[in-house]
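> Got a structure for you, questions after.
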Amino acid sequence: MNVLSLNNVTKRFGGLTAVDNVSFHIEQGEIFGLIGPNGAGKTTIFNLITAIYSITEGEIYFNDKKLQRKKPYEIANMGVTRTFQNIRLFKKLTAYENVLTACHKSADYNIFSSIMRIGKFKLQERYLKNKTDGLLKLMGLWDYKDIVASNLPYGLQRKLEIARALALDPKLLLLDEPAAGMNPEETIQLMELIKEIRNKFDLTVLIIEHHMDLIMGVCDRIFVLNFGIPLALGTPKEIQENKKVIEAYLGKEEKTYAED
Amino acid sequence: MSWDYVSGILILSGINLMTVLGLSLLTGFTGLFSFGHAGFMAIGAYMASSMTMKYGIPFFIALLIGGVSAMLVSLVIGKLTLNLKGDYFCIATLGFGEATRLILDNVQYFGGARGLSSIPTQGTTTLFNVIIINIVAVFVLVSIIRSRHGRNMVAIREEELAAQTIGIDVFKYKMMALAISALYAGISGGLLAHYLGYIQPIMFKMVKSTELTIIVIFGGLGSVSGSVIGTILLTFLPEILRSFYNWRLVIYGAAVILIMITRPQGLMGGKEFSIKSIIKSAKKFINFVRQRIGNKKEEVKS
Amino acid sequence: MSELFLQQIINGLSIGSVYALMAVGYSLVYSIMNFSNFAHGGVIMIGAYIGYFSLTFLKVPFFIAFVLSAFGSGILAVVMEKIVYRPLRKRNAPFLYFIISAMGASIFLENVVIASPIGPTFRSYPTVFSSEPIMLGSVALGRIDLLMFVISAISLMVLVYIIEKTKIGLSIRATSYSIKGSTLMGVNVDKVIFIIFVLGGLLAGLAGMLFGMRYTVYPQIGNITTKSFIAAVFGGLGSLPGAVIGSVLLGLIETMVSGYLSSQYRDLIAFALLILVLVVKPTGLMGKTTEDKA
């Protein structure tokens, strides 16, 4: 079954077409890579899926439900969540508070029981705390739980963002350059971690990444995008041998310099 | 200083504190800025006073009616502005505060610019009542902050986009913070009316709103105990230093800028002042002293 | 068309054009820095006082007073940016801090005047023009009203020229589109922000002096900027043409209301208009919907 389907999705900003007629389908349990040179429109696709941008043309389906005209928080409540390329943690809160906040959907006590501290409040709060403990331990963040997010090293901030996303019990997880700023060793660890959480939480994962080692090592299938236009789709092996992809990436060096 | 004088200032502190607590939730915890809370105080003051004066409704119920009226108005402002991107909310509160005053100036039922007088003060806004109401208000506020609802508000303050992607209905929680803060301001207005015995539209100028927000900033954004300490300090200081009165707002203005530039956490730095933290720091201090004494003894021994 | 109607149109245009002077300065800052500079009113107030004291104390000729108040306000705006906003910008502080600091600056300016020997009194500008109106047929044209309109119109045209035709104008437009993008393209954002504060300050000084002449000078005269915030929302928050059109329309509506209904409702109508815009079309007349960059 397709967890996520993009059908002929197009996004224009004024005269600029950021994503041009993109279609792909992701199956349950897949780890699906989204690659392409800078400015290819990868993050724009994430923003379209999570309803931060509205779609110009085309449709996105999640578990056969259409995602248009939904608000970002509604998409999150359906089971789709993400991390950000330019990390967006709750900076002044501790690692623990970051995850605890995101667990909020596992409780449903209302504002009156939080004022009176009765009913479901205590039971559910205890559950949320246990859940937070578990997630922090799983992501190897337990020792850092009382450290304010903005003081964590870069790599741990990225991990914390994943932990925060997992707190929602998502069905589909979108990771936007999770290995950016990590050294090769950390990248390999992250690769194993992504596989582990996929199996443990029965997740489907969509990854944007520039570390080719990670993408090739972890993805079941890869979709290549260049200047908003679909270039190729296939297994890591097929992509590595694809001529069009090689060309796009050889041309990439000059372009990144020009853009930076 | 006579007791009457001190208790008068304490009552005023308590009245200010009600609005400050609400603003603390709105600005300190949710990250929204309002120029119009004096307007909510005015609504509460006028509603509560007419309830007790004209309909003989018991004081506490009148206070609640005043608070709820302010809350209902806040919901309209929130509905119009809180789901828009940009400074719409700020500008709307600015307009609302001024408009409330102008409307009251022109409504003869509420006495126009002369306002209402001979509001019952006997047995209404007493020090005892003010303290009880404030204790309840602090308790309710702290309970909300230490629940998933409060955590969601803080998440919005910290990073709105991320808050949305973890499933927080940003609009709903901003509305909630605004409604609670308006309720508190409304009750505060009712208390003020029944303390002074008279009210006039001019008492609820914009500078009143900003003064109360300044207290929240002094106490520290995101600290309830900071707001409490800040309110008491900033209500007492100008009363004691009368000559300071004219320069008070000049210093406040400069201090606000200085705090934002150097120490945005304010007095309490987002931390709470609690029995636990006192015990903790006392323990630290005792340990420190012990170590020093121990070191000295060792020095003596050697 | 009745005389009253024509008369109100002329009054409305002159008031509206001064609103536009203020609203444009506010919108310039909003379009680049994305926050409402609520201290703009303080700059206008100082401009009004500089104009007043130039005429009464220094006894300079009338047009020199204009130059002094414009430059005084321009300098004040820049100093304020340096002291208040720049440290926050360098730290990437949240927008809330900018708004709070702006409020602090506004309170500071207003109360420094009240606490100083200048005091809270209302002061009238010396009469520069005779109050004898110029008659156009049966329509009376107040000399000060005419001056307000002419000075505002010329200033706004100069501003439009700077923004549309000069290199620095191009940088301003690029920065308002995207700060990050324009930095990459080699635009010096600090310089752009300096320029917009200078421009906004100059216009604020003129507006302050015009209002001082039309009414009186007092420490709270800056509160009149509330009107220009509302006008900016009416025209479309962050849009310069919107700010001008919104201001002129607001001026017209206000004078119509005070002419045909009662001047008591003049200030209320601005708020009623704000509510109406928020209900019907929150993006205003010229506003564009923007999408956040994630």
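The values are calculated or read from the model by the stated rules, or taken from the named source; none is laboratory data. Everything numeric in this text was worked out from a predicted model, so none of it was measured. For neighbour counting, all protein chains shown are included, and Cβ atoms are generated from backbone atoms with ideal geometry for every residue, glycine included. These area figures cover heavy atoms from the full protein model, side chains too; ligands, DNA and RNA do not enter into them. Shrake-Rupley method; radii C 1.70, N 1.55, O 1.52, S 1.80 Å.
> Only residues that are open to solvent by 40 Å² or more (accessible area, probe 1.4 Å) and in a helix (DSSP H, G or I): list them for region C:257-286, please.
The answer is C:260, C:263, C:264, C:265, C:266, C:267, C:269, C:272, C:275, C:276, C:279, C:280.
> Sticking with this one: Which condition number does residue B:173 fail, the rest of (1) modelled with pLDDT under 95; (2) farther than 30 Å from residue B:109 by Cα being met?
(1)
> Of everything in region A:13-37, what is part of a loop (DSSP other than H, G, I, E, B) and away from every other protein chain (no Cβ under 14 Å)? Give them in sequence order.
First pass over region A:13-37, keeping only residues part of a loop (DSSP other than H, G, I, E, B): A:14-15, A:28-30, A:36-37.
Passing the criteria: A:28, A:29, A:30, A:36, A:37.
> Name the helices (runs of 4 or more DSSP H) wholly inside region C:13-103 in which the number of residues that are surrounded by fewer than 24 Cβ atoms within 10 Å (Cβ to Cβ) and more than 11 Å from chain B (Cβ to nearest Cβ) is 3 or more.
Values: elements: C:40-56, C:62-80, C:86-90.
Where helices (runs of 4 or more DSSP H) fall fully within region C:13-103 and carry at least 3 residues being surrounded by fewer than 24 Cβ atoms within 10 Å (Cβ to Cβ) and more than 11 Å from chain B (Cβ to nearest Cβ), they are C:40-56, C:62-80.
> Name, by its number, the condition in (1) among the hydrophobic types (A, V, I, L, M, F, W, C); (2) surrounded by 22 or more Cβ atoms within 10 Å (Cβ to Cβ); (3) part of a loop (DSSP other than H, G, I, E, B); (4) within 14 Å of chain B (Cβ to nearest Cβ) that does not hold for residue A:40.
(4) is the only condition that residue A:40 fails.
> If you don't mind, another one. Sort through B:248, B:263 and tell me the only one that's among the charged types (D, E, K, R) and open to solvent by less than 40 Å² (accessible area, probe 1.4 Å).
Details: B:263 fails: open to solvent by less than 40 Å² (accessible area, probe 1.4 Å).
Answer to the check: B:248.
> Something else: For region C:63-103, give me each residue that is of a type in the set (A, V, I, L, M) and closer than 17 Å to residue C:179 by Cα.
Here is the first cut: in region C:63-103, the ones of a type in the set (A, V, I, L, M) are C:64-65, C:67-68, C:70, C:75-80, C:83-84, C:88, C:93, C:96, C:99-100, C:102-103.
Residues satisfying the conditions are C:88, C:93.
> If you take the residues of region B:74-90 that are open to solvent by 50 Å² or more (accessible area, probe 1.4 Å) and touching a helix residue (DSSP H, G or I) at 6+ places or on another chain (Cβ under 8 Å), which of them is farthest from the other protein chains (Cβ to nearest Cβ)? Give the steps one after another, and end with the answer.
Restricting attention to region B:74-90, the residues satisfying the condition of being open to solvent by 50 Å² or more (accessible area, probe 1.4 Å) are B:75-76, B:79, B:83, B:85.
So of that shortlist, the ones also touching a helix residue (DSSP H, G or I) at 6+ places or on another chain (Cβ under 8 Å) come out as B:75, B:79, B:83.
Working: B:75: 14, B:79: 9, B:83: 9 Å.
So, considering only residues that are open to solvent by 50 Å² or more (accessible area, probe 1.4 Å) and touching a helix residue (DSSP H, G or I) at 6+ places or on another chain (Cβ under 8 Å), the one farthest from the other protein chains (Cβ to nearest Cβ) is B:75.
> Where the second residue is outside any helix (DSSP H, G or I) and open to solvent by 10 Å² or more (accessible area, probe 1.4 Å) and the first is aliphatic (A, V, I, L, M) and lies in region A:99-124, which pairs have Cβ atoms under 7 Å and are six or more apart or on separate chains?
A:102/A:168
> Turning to a different aspect of this structure: Tally up the residues in region A:195-214 that are closer than 15 Å to residue A:135 by Cβ and touching a helix residue (DSSP H, G or I) at 6+ places or on another chain (Cβ under 7 Å), please.
Result for region A:195-214: 3.
> Condition first: facing chain B (nearest Cβ under 10 Å) and in contact with a Ser or Thr (Cβ under 7 Å, 6 or more places away or on another chain). Now tell me which residues in region A:59-84 satisfy that.
From region A:59-84, those facing chain B (nearest Cβ under 10 Å) are A:71-84; that's our starting set.
A:72, A:75, A:76, A:80, A:81, A:82, listed by residue number.
> Kindly establish whether residue B:93 is polar (S, T, N, Q), surrounded by 19 or more Cβ atoms within 10 Å (Cβ to Cβ), assigned by TED's automatic domain parsing to the domain that holds residue B:61 and within 20 Å of the chain's Cα centre (by Cα).
Considered against the rule, which asks whether it is polar (S, T, N, Q), surrounded by 19 or more Cβ atoms within 10 Å (Cβ to Cβ), assigned by TED's automatic domain parsing to the domain that holds residue B:61 and within 20 Å of the chain's Cα centre (by Cα), residue B:93 comes out as yes.
> Hey, another quick one. Residue C:133 versus (1) of a type outside the set (A, V, I, L, M, F, W, C); (2) surrounded by 14 or more Cβ atoms within 10 Å (Cβ to Cβ); (3) within 24 Å of the chain's Cα centre (by Cα): which is the lone unmet condition?
Just one mismatch for residue C:133, condition (3).
> Please specify each residue of region C:115-166 satisfying the condition of being out of contact with any Leu (no Cβ under 8 Å at 6 or more places or on another chain), closer than 20 Å to residue C:14 by Cα and small (Gly, Ala, Ser).
Hits for region C:115-166 are C:124, C:130, C:131, C:137, C:138, C:140, C:142, C:153.
> Restricting to region B:72-104, count the residues that are small (Gly, Ala, Ser), modelled with pLDDT of 90 or more and within 21 Å of residue B:172 (Cβ to Cβ).
Selection size over region B:72-104: 3.
> Taking residue B:195, is it open to solvent by 20 Å² or more (accessible area, probe 1.4 Å), of a type in the set (Ser, Thr, Tyr), part of a helix (DSSP H, G or I) and away from chain C (no Cβ under 12 Å)? Walk me through it before giving the result.
Numbers: open to solvent by 20 Å² or more (accessible area, probe 1.4 Å): yes; of a type in the set (Ser, Thr, Tyr): yes; part of a helix (DSSP H, G or I): yes; away from chain C (no Cβ under 12 Å): yes.
Judged against the criteria, residue B:195 is a match.
> Is it the case that residue C:2 is among the small types (Gly, Ala, Ser), surrounded by fewer than 23 Cβ atoms within 10 Å (Cβ to Cβ) and without any contact (Cβ under 8 Å) to a residue 12 or more places away in the chain? Walk me through it before giving the result.
Numbers: among the small types (Gly, Ala, Ser): yes; surrounded by fewer than 23 Cβ atoms within 10 Å (Cβ to Cβ): yes; without any contact (Cβ under 8 Å) to a residue 12 or more places away in the chain: yes.
Yes; evaluated as a whole, the condition is true for this residue.
> Which of the helices (runs of 4 or more DSSP H) contained wholly in region B:100-167 include at least 2 residues that are under 30 Å from residue B:28 (Cα atoms), under 24 Å from the mean Cα position of the chain (by Cα) and away from chain A (no Cβ under 14 Å)? Walk me through how you get there before you give the answer.
Details: elements: B:127-145, B:148-158, B:160-165.
Once the helices (runs of 4 or more DSSP H) in region B:100-167 are filtered for at least 2 residues that are under 30 Å from residue B:28 (Cα atoms), under 24 Å from the mean Cα position of the chain (by Cα) and away from chain A (no Cβ under 14 Å), what remains is B:127-145.
> Can you give me the number of residues within region B:201-214 that are open to solvent by less than 10 Å² (accessible area, probe 1.4 Å) and either outside any helix (DSSP H, G or I) or of a type outside the set (S, T, N, Q) (or both)?
Residues flagged as open to solvent by less than 10 Å² (accessible area, probe 1.4 Å) and either outside any helix (DSSP H, G or I) or of a type outside the set (S, T, N, Q) (or both) within region B:201-214 amount to 4.
> Does residue C:246 satisfy being outside any helix (DSSP H, G or I) and open to solvent by less than 10 Å² (accessible area, probe 1.4 Å)?
Values: outside any helix (DSSP H, G or I): no; open to solvent by less than 10 Å² (accessible area, probe 1.4 Å): yes.
Criteria not met by residue C:246.
> Can you tell which of B:222, B:230, B:226 is in contact with a Phe, Trp or Tyr (Cβ under 8 Å, 6 or more places away or on another chain), part of a loop (DSSP other than H, G, I, E, B) and either at pLDDT below 95 or not assigned by TED's automatic domain parsing to the domain that holds residue B:84 (or both)? Please lay out each step first, then the result.
Working: B:230 fails: part of a loop (DSSP other than H, G, I, E, B); B:226 fails: part of a loop (DSSP other than H, G, I, E, B).
Among B:222, B:230, B:226, only B:222 is in contact with a Phe, Trp or Tyr (Cβ under 8 Å, 6 or more places away or on another chain), part of a loop (DSSP other than H, G, I, E, B) and either at pLDDT below 95 or not assigned by TED's automatic domain parsing to the domain that holds residue B:84 (or both).
> Those residues that are buried (at least 23 other Cβ atoms within 10 Å of the Cβ) and without any contact (Cβ under 8 Å) to a residue 60 or more places away in the chain, I need them from region B:160-181; list them, please.
Within region B:160-181, B:162, B:163, B:164, B:165, B:166, B:167, B:168 qualify.
> Please verify whether residue A:48 is within 24 Å of residue A:234 (Cβ to Cβ), without any contact (Cβ under 8 Å) to a residue 60 or more places away in the chain, open to solvent by less than 30 Å² (accessible area, probe 1.4 Å) and within 14 Å of chain B (Cβ to nearest Cβ), treating the condition exactly as stated. Before the answer, list the steps.
Values: within 24 Å of residue A:234 (Cβ to Cβ): yes; without any contact (Cβ under 8 Å) to a residue 60 or more places away in the chain: yes; open to solvent by less than 30 Å² (accessible area, probe 1.4 Å): yes; within 14 Å of chain B (Cβ to nearest Cβ): yes.
Yes.
> Give region B:128-140 a look and list any residue that's farther than 22 Å from residue B:56 by Cα and touching a residue at least 60 places away in the same chain (Cβ under 8 Å), or say none. Spell out how you get there, then give the answer.
Kept after step one, since they are farther than 22 Å from residue B:56 by Cα, are these residues of region B:128-140: B:131-132, B:134-140.
Within region B:128-140, B:131, B:134, B:137, B:138 meet the criteria.
> Identify the single condition in (1) assigned to a helix (DSSP H, G or I); (2) open to solvent by 20 Å² or more (accessible area, probe 1.4 Å) that residue C:237 does not satisfy, given that it satisfies every other one.
Tallying (1) assigned to a helix (DSSP H, G or I); (2) open to solvent by 20 Å² or more (accessible area, probe 1.4 Å), residue C:237 fails exactly one: (1).
> So, residue B:40, is that one among the aromatic types (Phe, Trp, Tyr) and outside any helix (DSSP H, G or I) or not? Give the derivation first.
Values: among the aromatic types (Phe, Trp, Tyr): yes; outside any helix (DSSP H, G or I): no.
No: the conditions fail for residue B:40.
> Yes or no: region C:118-127 includes at least one residue that is touching a helix residue (DSSP H, G or I) at 6+ places or on another chain (Cβ under 9 Å), more than 30 Å from residue B:207 (Cβ to Cβ) and aliphatic (A, V, I, L, M).
Taking every residue of region C:118-127 in turn, none turns out to be touching a helix residue (DSSP H, G or I) at 6+ places or on another chain (Cβ under 9 Å), more than 30 Å from residue B:207 (Cβ to Cβ) and aliphatic (A, V, I, L, M).
> On to the next question. Scan region A:52-87 for residues that are part of a loop (DSSP other than H, G, I, E, B), open to solvent by 40 Å² or more (accessible area, probe 1.4 Å) and closer than 27 Å to residue A:133 by Cα and report the count.
Qualifying residue count, region A:52-87: 2.
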